[in-house]
Amino acid sequence: MALQKVITDRTVALLEQMDGLFDGFFEWLKGQHDPESGGFFYARSSWSMNQLPDIESSSQALNILERVGLLEGWQTAKKEKAVRFFQNKQDPSSGYFYEANPDMRGDDVMVGRALSYSVGALHKLGGAPLYPLPQKMNSMPGYIESPDSYEAWLNAMPLTNSWRGCDRLCNSAPYISQLPEAKQKEYLKRAFDFFAKIQDPETGLWGEGSGYVRISGSFKLETFYGRFRVPMPRSDAMYRSILRILREETARDMCYIRNPVNLLGYMRPEIPPEEFEEILEITVRNMGRLRQADGGFSRELGHSPAATNVAQVKEGEYYSEMPKAVPIGLGLAESDMNAGTQALLIRSFCYDMAGLVPPELDTSAFK
């Protein structure tokens, strides 16, 4: 269902302007593929770090190829190489998928994402894990042992940084989804009751931090709601908060551009045409500020991050506990895979909210 009842000329012009930001993107994407390992590197500088491509970037690249219709026609030999890439990341003793850097194993968010990304990528490629997944290996997190232990874990989660705290909360979703369906119901009831209890009734957001940090935390919880197809509560209040924050705060991170749009696309509020134009105009302007000369986009304003999952200690954006830094690039003024996949998602959501079919982008440079 289209969210916009009136499609204005300004809306169409802004979407065309957004499309222009992808000139050169697929040439950059092709340059991130490592034919030796079958994976994709995060950024150009990642090639010089004497390490294999990472799980998240490789999975995100496959998501991009699927989204623009390139995955189906990708060469069989390259798909088979990619299958082996993910299979080789699986630990036979636990069923999890790990990077070589041992610090990655110490961060529950990275471990959970790697599991979800790897299983999803193997499914897309027509492959399968080599070993049983954690639920069958009895290596699930301790908090999944019972609904009571899960509820205790939820209540103990610090939300002084909404983004980090909610990221950890939603990281329980892949584990719950591995449980038998009959067992899932009680875990989900505890989760949704808890989320409703801690949601700010005035703003519709969760946790603490700056406006964009709270939007980002709320977006993380949206992935939990979306996985189990449950509508988010207090969507009207959340819409008003999103509009205010877009107008008042500076988006220094591609996540700050994608997450509000993603939330709006999930909630599907009725947006007045003039406000939709304003949202689009802010979004396109912010995306343009993160575009890099090599053809793609950087996660952060002016440069790509040098490590994954690390707090940005700016304007109150702090973690109550600091995750380990896992190097992924050199932090240069360059494009990265995380920003690229988010940029395409932003485009998809914006066209969908406008009720328009996005035109095909020029992907010929990748072929």
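Odds and ends about this structure:
- Accessible area per residue for the chain, computed on protein heavy atoms with a 1.4 Å probe, is 43 Å².
- Treating r as the C-beta distance of E270 and N50 and R0 as 35 Å, the FRET efficiency rounds to 0.10.
- Estimated from the Cβ-Cβ distance and a Förster radius of 45 angstrom, the FRET efficiency linking R10 and N138 is about 0.20.
- In the chain, the calculated helix contribution to ellipticity at 222 nm averages -16000 deg cm²/dmol per residue, counting -39,500 (n - 2.57) for every DSSP H run with n ≥ 4.
- Volume of the Cα convex hull of the range 1-140, divided per residue and given in Å³: 164 Å³
- Full-stretch length increase - K185, N88 - with 0.36 nm per residue and alpha-carbon distance subtracted: 31.6 nm
- Whole-percent pair-distance distribution, where bins are 5 Å wide, for the alpha carbons of the range 152-268: 2, 12, 24, 26, 18, 11, 5, 2, 1, 0
- Under the Debye formula (equal points on every Cα, no solvent term), log10 I(q)/I(0) of the range 72-135 at q = 0.23, 0.28 Å⁻¹: -0.93, -1.22
- √(5λ) per eigenvalue of the Cα gyration tensor, the range 22-68, largest first, Å: 18, 13, 8
- Listed residues W206, W153 arranged by accessible area, highest first, probe 1.4 Å: W153, W206
- The fraction of Cα-Cα pairs per 5 angstrom bin, counted from 0 for the range 87-194, comes to 2, 11, 21, 23, 20, 14, 7, 2, 0 percent, rounded to whole percents.
- Between L70 and A128, the FRET efficiency estimated from the beta carbon spacing at R0 = 22 angstrom works out to 0.45.
- Difference of contour (0.36 nm per residue) and Cα-Cα distance, A100 to S146: 13.4 nm
- Between A156 and K367, the contour length at 0.36 nm per residue exceeds the alpha carbon distance by 71.1 nm.
The values are calculated or read from the model by the stated rules, or taken from the named source; none is laboratory data. Treat the numbers as computed from the prediction; the structure is a model and nothing was measured. Positions of Cβ are backbone-derived with ideal geometry, glycine not excepted, and every protein chain shown enters the neighbour counts. Note: areas computed on protein heavy atoms with side chains; ligands, DNA, RNA excluded. Shrake-Rupley method; radii C 1.70, N 1.55, O 1.52, S 1.80 Å.
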